[in-house]
Amino acid sequence: MRASFPGGMRRIPVRIPMRRGGGMSISTIIILAVLFIGLRAIGIDPLEMLAQGPITEQSAQQAPANDETSQFVRVVLAETEDVWRQLFRAEGAEYSEPTLVLFYSQVESACGFASAASGPFYCPGDNRVYLDLDFFNELARRFQAAGDFAQAYVIAHEVGHHVQNLIGVLPRFNRMRAGMSQAEVNAVSVRVELQADCFAGVWAHHTDQRGLLEEGDIDEALNAAFQIGDDTLQKRTQGYVVPESFNHGTSQQRQRWFLRGYQTGQVSGCDTFEGDV
């Protein structure tokens, strides 16, 4: 995948006390000056922090904001925003962009605490995509899914969940699950996840139309989809499969639905809630 990598620094929320008249007090100015000097002393440029867009990073360990992986993630997120903004506009709707949170080790979200073992996830409670930067190393090393477009597929899948949240799929699922058995929840969860795979394929289709994909990119995505299928993961970790416990879909299902989205480029082609999957 061809991409240029913009720079950027960690955005740290700082609450600044203000006087009622709207101006800052002398004590506030002194505090800000000390904060500015302190941040510069440890290698953080506050001016770049203030210029950073709606991308935040939180962690138990400091995540480098300017390494190649962080920059690549930003580029892919921007590409998903371009595509989904266009698709929503074509339907007379406005696309509300998700916020990206990069982290190492662990993170707190509106959906609760998560460790790196949870993998990438989307939280509908705060409209944020959470990505543990170490996961991409795991994707290549542990899951045999190397390549930048394998990473792009993972990001686009999580953004697909954000799209589901905007169009009402996730809210409806969350209302339904309260009255379901675990087996029923798993079965519907598979359909939700496969639709997110299909949406990732829709994004790949339109990204390809813009001339941004390279030969082998789609193969990387399909390999990643295969390697993280429920059946493949269970065979790798425990040596056997338990189909009723699947909650993301088999390797073949994940490949098939990503490919359907890529081939059609249509959201309407991603209805995983009708018929067999």
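Please treat every number below as a calculation from the coordinates, not as lab data. From a predicted model like this one, the values you see are computed outputs, not experimental measurements. Cβ sites come from the backbone with ideal geometry, for glycine too, and all protein chains shown count toward neighbours.
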note = The Cα extents of region 101-178 along the principal axes, largest first and rounded to whole Å, are 38, 24, 20
key: Ranked list, fewest to most other Cβ atoms within 10 Å of each Cβ, for 162, 248   = 248, 162
message = Placing unit charges on C-beta atoms (Lys and Arg positive, Asp and Glu negative, everything else neutral), compute the dipole magnitude of region 55-270 about its Cα centre in debye, rounded to 20.
response = 740
ask   = When the Kirkwood radius is taken over all Cα pairs of region 191-277, what Stokes-Einstein diffusion coefficient follows at 25 °C and 0.890 mPa s, in µm²/s?
value = 185
ask   = Convex hull over the alpha-carbon atoms of region 55-270: what's its volume per residue in Å³?
value = 121
request  = Grab the other residues whose beta carbon is less than 13 angstrom from that of residue 146, score K and R as +1, D and E as -1, and report the net.
outcome  = -3
remark   = Sorted by chain and number, the residues with a modelled amide H under 5 Å from that of residue 126, at a separation of 5 or more or across chains, are 110
query = Taking every DSSP beta bridge that has both residues in region 55-270, what percent is antiparallel when rounded to the nearest 5?
reply = 45
